[in-house]
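Since the structure comes first, as structure tokens, the remarks are kept for the end.
The values are calculated or read from the model by the stated rules, or taken from the named source; none is laboratory data. This structure is a prediction, so every number in the text was calculated from the model and none was measured. Counting neighbours? That spans all protein chains shown, and the Cβs are built from the backbone with ideal geometry, glycine included. Accessible surface is based on the protein model in full, side chains and every heavy atom, while ligands, DNA and RNA are left aside. Shrake-Rupley method; radii C 1.70, N 1.55, O 1.52, S 1.80 Å.
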Amino acid sequence: MPAYIVMGAQWGDEGKGKIIDVLAERMDIVIRFQGGANAGHTVIHGETRYVTHLIPSGVISGNSINIIGNGCVVNPATLLEEMDTLQKQGVNISPDKFIISPAAHMVLPVHQYLDKILNEKIGTTVRGIG
């Protein structure tokens, strides 16, 4: 059974989400194994523009099960907002198509506050990941 891995070799806009969108149409499972909402993927699928920050962009094709894995950092408020936006665009965000690992890390408002005051000198996105 073949497996494909799409991994960035640098930090920044590499088009990973767009590649995942194309591959996901033929995949059973798409897993995001690391990162948090500081990332963003914009995918144009058909005539619609989708933006994901946490949810793997494979969810857009509707063919694969999409998983947020252990190494991801999840802000529940951001996740709910993203789920709502995608559902309004007609994307199926249901338990049979979208799973969150119980070992994924959670980011709460206190983490965002600490990120802001402790990492001011290095500069972060203040999303609680710094």
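Only one residue of Ile93, Gln112, Ala77 has its Cα farthest out toward the positive end of the dipole of segment 17-130, where Lys and Arg carry +1 and Asp and Glu -1 on Cβ, and that residue is Gln112.
Quick check for you: with a 1.4 Å probe and neighbouring chains kept, what is the accessible area per residue of the chain, in Å²?
Values: 8350 Å² over 130 residues.
Heavy-atom SASA per residue in the chain reads 64 Å².
For the set Leu114, Leu23, solvent exposure ranked by accessible area (probe 1.4 Å, protein chains only) runs largest to smallest as Leu114, Leu23. Between amide H atoms placed 1.01 Å from N, distances below 5 Å from Phe98 occur with Asn66, all of them 5 or more places distant or on a separate chain.
On the accessible surface of the chain, probed at 1.4 Å, how many percent belong to carbon and sulfur atoms?
Numbers: 4820 of 8350 Å².
In the chain, the share of accessible area belonging to carbon and sulfur is 58 percent.
Site pair Met7 and Val51 shows an inter-label distance of 2.9 nm when each label is modelled 7 Å from Cα along Cα→Cβ.
Need one number for the chain: average projected area of the convex hull over its C-alpha atoms, nm². Numbers along the way, then the final one.
Values: hull surface 34.0 nm².
Mean orientational projected area (the chain, Cα hull): 8.5 nm².
Here the Karplus curve 6.51 cos²θ - 1.76 cosθ + 1.60, taken at θ = phi - 60°, turns the phi angles of segment 89-102 into couplings of 8, x, 7, 7, 10, 10, x, 7, 10, 9, 10, 10, 4, x Hz, with x standing for Gly and Pro.
Between the amide H of Gly35 and those of Val73, distances stay under 5 Å, these residues lying 5 or more places away or on another chain, with hydrogens modeled in the peptide plane.
Among the lysines of the chain, pairs at least eight places apart or on separate chains and with Cα atoms under 29 Å apart come to 6. Dividing the mean sequence gap of close Cα pairs (under 8 Å, 6+ apart) by how many residues the chain holds gives a relative contact order of 21 percent. The long axis of helix 109-118 is offset from the longest Cα principal axis of the chain by roughly 50 degrees.
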